[in-house]
Each structure stands twice: as structure tokens, then as C-alpha cells.
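The next block holds one structure in the form of C-alpha cells; read it before the comments.
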Amino acid sequence: MVVLENFDKYKKENMNRYFIRVAKAIVQYAVLFTVFFSFMNVIGYSKSSIADVVTSERGYLMLIVVGIFSFIYPFMSFAKKTLLFDAQKRVEDVERVMGMCGYKAESREGGVMKFRASTTSKKVLLMWEDEITITTVDGISVMQGPRKEIVKIYFRFGTFVG
């Protein structure tokens, strides 16, 4: 029964994170659109205002596409990877490689190690979704977090930890 309670808690936390990530993606796309369209207005390529573009038929279509991409974003941009070694037995190596990738240890409780980006610029680039978690259960370690960071760190683990 304890396993089911933990699973329900995990599922609820993931759903909360999902909607937060969707909202962040919407904001990111809105800022990107505003910067891009403003740049086009500055160089004289477009004579329409942002309000004209958003309220037109194509603007509505663009808003729908942004909404669809925002709901898909959390599925494509976050990943899990199973490590080829037991992270609990090689904590020093894990922390060294994570440090090389720009992460510092935040906590280590039981079989869970959490890391956060060590610089503000990295946090901004990852929209404060910079937490990487390495969970070890029965000697099997699973790393999860932002996909591009997971792939980079996984490659470094293969190179430096073996």
C-alpha cells in the first residue's frame, strides 16, 4: 500500500510540474514572437503592428500552434536515462562529473541525489528547470531532468566514470 501512496504522490507532483512547464513554454514562445516581430518592424520588413497580427486569422492560427507546442514541450524536453553503474557507490565520481557539467549537489537523501545548475545564466537558459535527479534503487541508477543536459551528462559519465 505504501508503494501505491508514493506513486500517487509522484504522479500528482509530475502533473503539477507538467502544467508549470506548459506555462513556461507559453511565456517563452510569446517572448520569442515579440522579439522576432519587433526586430522585423525595426528593420522595416513588416509594417503591421503586433496587435494587427495577433487579431488576424493567421494570428489565431499561430496562437493555436503555440498552444499545441506548449502542451507537447514537456514530453519532448525532459528525459530519463538509466546509468551503467551504481551512483550510490560512486558518489565522488558522480559529483565530479556533475561539477564538470556545471551542476552542484543540492541534497542527498536515501537513494536520491539532486543537483542544480551552479550559475544563474544556466538557470535562465533552462527556465529554472535545472534540477537533475539521480535515483538509485537496488543498484540501478536512473537520471532524470532536461533532455539536452541529461544527454550531455550521460556522455560524460561514459567517458569519465566508465
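Structure values in brief
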{"quantity": "Counted residues, segment 101-158 - those being open to solvent by 30 Å² or more (accessible area, probe 1.4 Å), in contact with a Ser or Thr (Cβ under 9 Å, 6 or more places away or on another chain) and more than 19 Å from Val91 (Cα to Cα)", "calculated": "2"}
{"quantity": "Some residue of segment 50-57 being touching a residue at least 12 places away in the same chain (Cβ under 8 Å) and either in contact with a Gly (Cβ under 9 Å, 6 or more places away or on another chain) or outside any loop (DSSP other than H, G, I, E, B) (or both)", "calculated": "yes"}
{"quantity": "Matching residues in segment 132-162 - criterion: being among the aliphatic types (A, V, I, L, M) and under 19 Å from the mean Cα position of the chain (by Cα)", "calculated": "Ile132, Ile134, Val142, Met143, Ile150, Val151, Ile153"}
{"quantity": "Test: Leu4 is open to solvent by 90 Å² or more (accessible area, probe 1.4 Å), in a helix (DSSP H, G or I) and either at pLDDT 85 or above or not assigned by the TED database to the domain that holds Gly110 (or both)", "calculated": "yes"}
{"quantity": "Those residues of segment 88-125 which are within 22 Å of Lys24 (Cα to Cα) and either at pLDDT below 90 or part of a helix (DSSP H, G or I) (or both), in sequence order", "calculated": "Thr120, Ser121, Lys122, Lys123, Val124, Leu125"}
{"quantity": "Selection count, segment 61-82, where residues are out of contact with any helix residue (DSSP H, G or I) (no Cβ under 8 Å at 6 or more places or on another chain) and open to solvent by 80 Å² or more (accessible area, probe 1.4 Å)", "calculated": "4"}
{"quantity": "Any hit, segment 149-157, residues being assigned to a loop (DSSP other than H, G, I, E, B) and out of contact with any Cys (no Cβ under 6 Å at 6 or more places or on another chain)", "calculated": "no"}
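The values are calculated or read from the model by the stated rules, or taken from the named source; none is laboratory data. Owing to the predicted nature of the structure, the values given are computational and were not obtained by experimental measurement. Neighbour counts are summed over all protein chains in view; Cβ atoms, including those assigned to glycine, are modelled from backbone coordinates with ideal geometry. Heavy atoms of the whole protein, side chains included, go into the accessibility calculation; ligands, DNA and RNA do not. Shrake-Rupley method; radii C 1.70, N 1.55, O 1.52, S 1.80 Å.
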